[in-house]
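Here is the structure we will look at, set down as structure tokens.
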Amino acid sequence: MSEALWDSPLPIVAAPMAGGPSTPALAVAVASAGGFPFLAGGYVRAEALAAAIERVRDLGRFGVNVFVPTTAPADERALRAYSVRIQPEADRYGLRLNPRPVVDDDHWSEKLELLIAHPVPVVSLTFGLPDPGDIAALQHVGTHVLASVTSPEEARAAHQAGVDGLVVQGPDAGGHSATHDPTRVPEPIRTEDLVARVRAAVELPMVACGGVDGPDAVARLLAAGAQSVAAGTLLLRTDEAGTSATHRDALTDPALTETVMTRSFTGRPARALRNGFIDRHEAHAPTSYPAVHHLTRDLRRTAGEAGDTDLVHLWAGTGYRSAHTGPAADVIRWLAEAS
């Protein structure tokens, strides 16, 4: 990104991956190679996030990603019907699913308070835009604020809200889509083409992500107008990532041959390795995040601990076959070869 926002020797960013893969050790390794690391603030309490921040504070350059709360109420009837449908999956492990919607803002207020009281260089927002006052409050303490977007329309809204830059996410990215409207599945488009469209819509620095499988992809995204390129899936198998053994192994499993967009695990579009759970239930999954996330959470956790890839959310972008083992620093330097 522009020097004022992105003080990093290499134009490579470690994308935040909530749920375990993004660790302080990964952030340190990425920074040591000249990249810009992000901590994942999703699915953790403010206290745990504070501890992770303090472990990387001395790096000087890093960012923190947080989830913007979903305000739409859960469809209780659809959630109950989905719970009945997937209960036989839970029966395999003696689990009883609870169809009552969980109200959850991912501790937004506590995290915002933390990030204002103890500022970090960059905060990125995912799943939407908060009140512009929250963005201004972060900026007031010296933090640069980035909004994740998946379309020119979302980019314009982010610009209007006053953010400093954008994370432009193409549909080939692994994990949750950053779309502001969870009922919408982002249209198929190459990430470099989306970057060009967003660049024509607004004048803001951009980080591009989605479908990054090597240096050539980085070169294309930089040529399209991005100031930096983010990689997530390519870091999942590195030494410093906190990725589970089940997830690591799945990325090289010859039986898992493609990625697809699915709501079946969390109620929000996300790209994952296609498995049996997706095939059996995607057509019936309600758009209801985070209610579906909480409904399936214990099942996913238990199956993951058992190494059961048939029932686990195996987040992965389309470039997952290029994810290799070894030090994360090597991946960052490899990706920067074409820049």
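Listed here are the residues, each with its yes/no results for (1) touching a strand residue (DSSP E or B) at 6+ places or on another chain (Cβ under 6 Å); (2) closer than 19 Å to residue 226 by Cα; (3) among the aromatic types (Phe, Trp, Tyr); (4) without any contact (Cβ under 8 Å) to a residue 12 or more places away in the chain.
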site	(1), (2), (3), (4)
151	no, yes, no, no
159	no, yes, no, no
163	yes, yes, no, no
173	yes, yes, no, no
176	yes, no, no, no
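For region 231-284, the set of residues classified as crowded, with 20+ Cβ neighbours inside 10 Å, within 30 Å of residue 84 (Cβ to Cβ) and hydroxyl-bearing (Ser, Thr, Tyr) consists of 259, 262, 264, 266, listed by residue number. So how many residues does region 211-237 have that are under 19 Å from residue 9 (Cβ atoms) and either assigned to a loop (DSSP other than H, G, I, E, B) or not hydrophobic (A, V, I, L, M, F, W, C) (or both)? The total comes to 5.
Residue by residue, here is whether (1) of a type in the set (D, E, K, R); (2) closer than 19 Å to residue 229 by Cβ holds:
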site	(1), (2)
15	no, yes
18	no, no
29	no, yes
37	no, yes
42	no, no
72	no, no
86	no, no
89	yes, no
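A count restricted to region 100-123 and to residues that are outside any loop (DSSP other than H, G, I, E, B) and farther than 13 Å from residue 70 by Cβ stands at 11. Pairs meeting the criteria (first residue in region 27-42 and more than 21 Å from residue 127 (Cβ to Cβ), second residue charged (D, E, K, R) and surrounded by fewer than 24 Cβ atoms within 10 Å (Cβ to Cβ), beta carbons under 7 Å, at least 6 apart or on different chains) are 29/240; 31/61; 33/333; 36/61. Within region 124-137, how many residues are in a strand (DSSP E or B) and touching a Phe, Trp or Tyr at 6+ places or on another chain (Cβ under 6 Å)? Final tally of qualifying residues: 1. Of the residues making up region 267-289, those that are part of a loop (DSSP other than H, G, I, E, B) and either in contact with a strand residue (DSSP E or B) (Cβ under 9 Å, 6 or more places away or on another chain) or of a type in the set (A, V, I, L, M) (or both) are 268, 269, 274, 285, 289.
Pairing residues of region 320-335 that are under 11 Å from residue 234 (Cβ atoms) with residues that are charged (D, E, K, R), at Cβ distances under 6 Å and at least 6 apart in sequence or on separate chains, gives 322/213; 323/237; 328/240.
Residues of region 288-304 that are in contact (Cβ under 8 Å) with a residue 12 or more places away in the chain and surrounded by fewer than 18 Cβ atoms within 10 Å (Cβ to Cβ): 298, 302.
Please count how many residues of region 298-339 are in a helix (DSSP H, G or I) and closer than 15 Å to residue 90 by Cα. Adding up the residues that qualify gives 8. Only helices (runs of 4 or more DSSP H) whose full extent lies in region 4-99 are considered here, and the ones with at least 1 residues that are crowded, with 19+ Cβ neighbours inside 10 Å and either in the same structural domain as residue 335 (by TED's automatic domain parsing) or at pLDDT below 95 (or both) are 24-32, 46-56.
Checked against (1) modelled with pLDDT under 95; (2) crowded, with 16+ Cβ neighbours inside 10 Å, residue 208 meets all criteria but (1). Considering region 138-195, the residues that are of a type in the set (Asp, Glu) and part of a helix (DSSP H, G or I) include one that is surrounded by the most Cβ atoms within 10 Å (Cβ to Cβ), namely 154.
The values are calculated or read from the model by the stated rules, or taken from the named source; none is laboratory data. Just so it is clear, the model here is predicted, and its values are computed rather than measured. When we count neighbours, we look across all protein chains shown, and the Cβ atoms used for this are built from the backbone with ideal geometry, even at glycine.
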